[in-house]
Amino acid sequence: MNELLLGLADDELVIGWRDSEWTGIAPMLEEDVAFSSIAQNEIGHARAVYELLAEDADALAFDRPLDAYRCAPLVELRLLDWAHAIARRWLYEVADEIRIAALMEDDDARVAGLAAKINREEAYHRMHAEMWRERLADTPQFRAAVEDLWPYAAGMLPAKQREALAARAHRSLPSDKLLLGKERGGHTEQLAELWDEMTMVRHSAPAGAQW
Amino acid sequence: MVTVEQVWDAFGEIPDPEIPVVSLVDLGVIRSVDVENGHVRVEFTPTFLGCPALEVMKRALEEKVAGLGAEPNVQVIQDDSWSTDKITPAGREKLRAAGFAPPAPREAGAPTLVQLRVNVHRCPYCNSTATKLENIFGPTPCRSLRYCESCRQPFEQFKTI
């Protein structure tokens, strides 16, 4: 199994779930729509990548034990305030753009083609994130949220891509101490709760149920 | 024996599940049709990957082929070959007539916020160019929301991808 692609798919699935938590309770109706639409896209990307990796995308998405997930701690966090939700969206999109750009050059034409397709859709997520970043940039809440989440964002990418991320986010690389527990490979406690919720229907349905 | 033309004609009758004024042929999502010994191989390119209508579209293509008495083989091609530039001129006109502003042509590089804010986007109702972006996102992944300051009508704009 391609760990890089599995990490991408798991990130997109989990951030899609987290984004969808704003449906109905975002600070304004436009953002209920935006977060719902972004969530739908991210989960669509996850499905497409799972389909590249396995015959049955649902089985790969939902039937693994928790420690087999490759999502980064950044996407697992349950963030209940708007400044943190926007800070994560922005940091995630900046990091994701670097990763997707690399995959667009992949030797496997199927991977490169799918990455190019995902990239076109992500362009709208980036615009949304950038628009909000500009709007909140001078608020103490947003600055604090970026400060909190920055080590998690760095921990989402392999070490060789972190310099590029730091340059784009106008930050300096976090120390090893700050990165502790925030890098891909480890998981937060919040993932377990999310996973229970995410797999609830799957686990309650009899095997082979048709929808 | 079924012909390629018959298959294309039949596909032209399949409405888009979410915007039924246009057909799957108008949308340009059918990349190729090959017929051999009663087997019809179709290459289908999704619009947005998260579009919930994808499965419905795929099934509709299979049913049309089966309805012609042939064996369908619909391949979903998940690459970058579909863009909103593939929507046919007839499809664009049908969208406009139904109140959906057709997508702007794709430019080099990814679309930007500046383009959405500054480029000319016409109101599908009154044709005015005095329109502004209300929300990048809309009721489905493929649409944005705009507002026309001339006729004071909100409208949906097909995203360029």
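The values are calculated or read from the model by the stated rules, or taken from the named source; none is laboratory data. In this text the structure is predicted, and so the values were computed from the model without any measurement. So basically every Cβ, Gly included, is an ideal-geometry build from the backbone, and we count neighbours across all protein chains shown.
Considering only region A:27-54, how many residues are without any contact (Cβ under 8 Å) to a residue 12 or more places away in the chain and touching a helix residue (DSSP H, G or I) at 6+ places or on another chain (Cβ under 7 Å)?
Total satisfying the criteria: 2.
Name every residue in region B:8-38 that is within 14 Å of B:V74 (Cα to Cα) and in contact with a helix residue (DSSP H, G or I) (Cβ under 9 Å, 6 or more places away or on another chain), in order of residue number.
B:W8, B:F11, B:L24, B:V29, B:I30, B:R31, B:V33, B:D34, B:V35
Taking region B:111-139, which residues are among the hydroxyl-bearing types (S, T, Y) and facing chain A (nearest Cβ under 8 Å)?
From region B:111-139, those among the hydroxyl-bearing types (S, T, Y) are B:112, B:125, B:128-129, B:131; that's our starting set.
If the condition is that a residue be among the hydroxyl-bearing types (S, T, Y) and facing chain A (nearest Cβ under 8 Å), then B:T112 is the only one that fits.
Within region A:8-23, which residues are part of a helix (DSSP H, G or I), more than 9 Å from chain B (Cβ to nearest Cβ) and in contact (Cβ under 8 Å) with a residue 24 or more places away in the chain?
Step one: list which residues in region A:8-23 are part of a helix (DSSP H, G or I), which gives A:8-20.
Adding the requirement that they be more than 9 Å from chain B (Cβ to nearest Cβ) leaves A:8-15, A:17-20.
Selection gives A:L8, A:A9, A:D10, A:D11, A:E12, A:L13, A:V14, A:I15, A:W17, A:R18, A:D19.
Output the residues belonging to region B:75-102 that are touching a strand residue (DSSP E or B) at 6+ places or on another chain (Cβ under 8 Å), surrounded by fewer than 17 Cβ atoms within 10 Å (Cβ to Cβ) and over 24 Å from A:L53 (Cα atoms).
B:G99
If only one of A:Q190, A:Q141, A:Q161 is within 16 Å of the chain's Cα centre (by Cα) and either assigned to a loop (DSSP other than H, G, I, E, B) or surrounded by fewer than 18 Cβ atoms within 10 Å (Cβ to Cβ) (or both), which one is it?
Numbers: A:Q141 fails: within 16 Å of the chain's Cα centre (by Cα); A:Q161 fails: within 16 Å of the chain's Cα centre (by Cα).
Exactly one residue qualifies, and that residue is A:Q190.
Filter region A:144-158 for residues that are surrounded by fewer than 19 Cβ atoms within 10 Å (Cβ to Cβ) and either among the hydrophobic types (A, V, I, L, M, F, W, C) or under 27 Å from A:L66 (Cα atoms) (or both) and give the result. Show your work before the answer.
Step one: filter region A:144-158 for residues surrounded by fewer than 19 Cβ atoms within 10 Å (Cβ to Cβ), giving A:144, A:147-148, A:158.
Once the filter is applied, which keeps residues that are surrounded by fewer than 19 Cβ atoms within 10 Å (Cβ to Cβ) and either among the hydrophobic types (A, V, I, L, M, F, W, C) or under 27 Å from A:L66 (Cα atoms) (or both), region A:144-158 yields A:A144, A:D148, A:P158.
Residues that are more than 14 Å from chain B (Cβ to nearest Cβ) and modelled with pLDDT of 95 or more: does region A:111-132 have at least one? Step through it out loud before you land on a result.
The first filter runs over region A:111-132 and keeps only residues more than 14 Å from chain B (Cβ to nearest Cβ), leaving none.
No - not one qualifying residue is present in region A:111-132.
Across region B:75-105, what is the number of residues that are more than 20 Å from B:V120 (Cα to Cα), under 11 Å from the mean Cα position of the chain (by Cα) and among the β-branched types (V, I, T)?
Total satisfying the criteria: 1.
I want to confirm something. Restricting to region B:1-41 and keeping residues that are more than 13 Å from the chain's Cα centre (by Cα) and part of a strand (DSSP E or B), which single residue is farthest from B:P141 (Cα to Cα)? Talk me through it step by step, then tell me what you get.
Kept after step one, since they are more than 13 Å from the chain's Cα centre (by Cα), are these residues of region B:1-41: B:1-11, B:13, B:32-41.
Then drop every residue that is not part of a strand (DSSP E or B), which leaves B:32-36, B:39-41.
Values: B:S32: 25, B:V33: 27, B:D34: 30, B:V35: 33, B:E36: 36, B:H39: 33, B:V40: 30, B:R41: 28 Å.
Checking each candidate, the answer is B:E36.
Consider region A:51-76. How many of its residues are part of a loop (DSSP other than H, G, I, E, B) and touching a Leu at 6+ places or on another chain (Cβ under 8 Å)? Reasoning before the result, please.
We begin by selecting, within region A:51-76, every residue part of a loop (DSSP other than H, G, I, E, B); these are A:54-56, A:63-65, A:69-72.
Keeping just the survivors that are touching a Leu at 6+ places or on another chain (Cβ under 8 Å) gives A:54, A:69-71.
The total comes to 4.
Can you say whether A:R88 is more than 8 Å from every other protein chain (Cβ to nearest Cβ), part of a helix (DSSP H, G or I), under 14 Å from A:L5 (Cα atoms) and basic (K, R), as far as the supplied structure shows?
Values: more than 8 Å from every other protein chain (Cβ to nearest Cβ): yes; part of a helix (DSSP H, G or I): yes; under 14 Å from A:L5 (Cα atoms): no; basic (K, R): yes.
No: the conditions fail for A:R88.
If only one of A:A48, A:A26, A:A61, A:A72 is closer than 27 Å to A:G208 by Cβ, away from chain B (no Cβ under 11 Å) and at pLDDT 95 or above, which one is it?
Working: A:A48 fails: away from chain B (no Cβ under 11 Å); A:A26 fails: closer than 27 Å to A:G208 by Cβ; A:A72 fails: closer than 27 Å to A:G208 by Cβ.
Within the list A:A48, A:A26, A:A61, A:A72, the selection yields A:A61.
What are the residues in region A:87-119 that are in contact with a Phe, Trp or Tyr (Cβ under 9 Å, 6 or more places away or on another chain) and within 18 Å of A:L13 (Cα to Cα), if any? Spell out how you get there, then give the answer.
If we filter region A:87-119 for residues that are in contact with a Phe, Trp or Tyr (Cβ under 9 Å, 6 or more places away or on another chain), which is where we start, we get A:87-91, A:117.
Matches in region A:87-119: A:R88, A:R89, A:W90, A:L91, A:K117.
Out of B:V25, B:V4, report the one residue that is modelled with pLDDT of 95 or more and surrounded by 16 or more Cβ atoms within 10 Å (Cβ to Cβ).
B:V25
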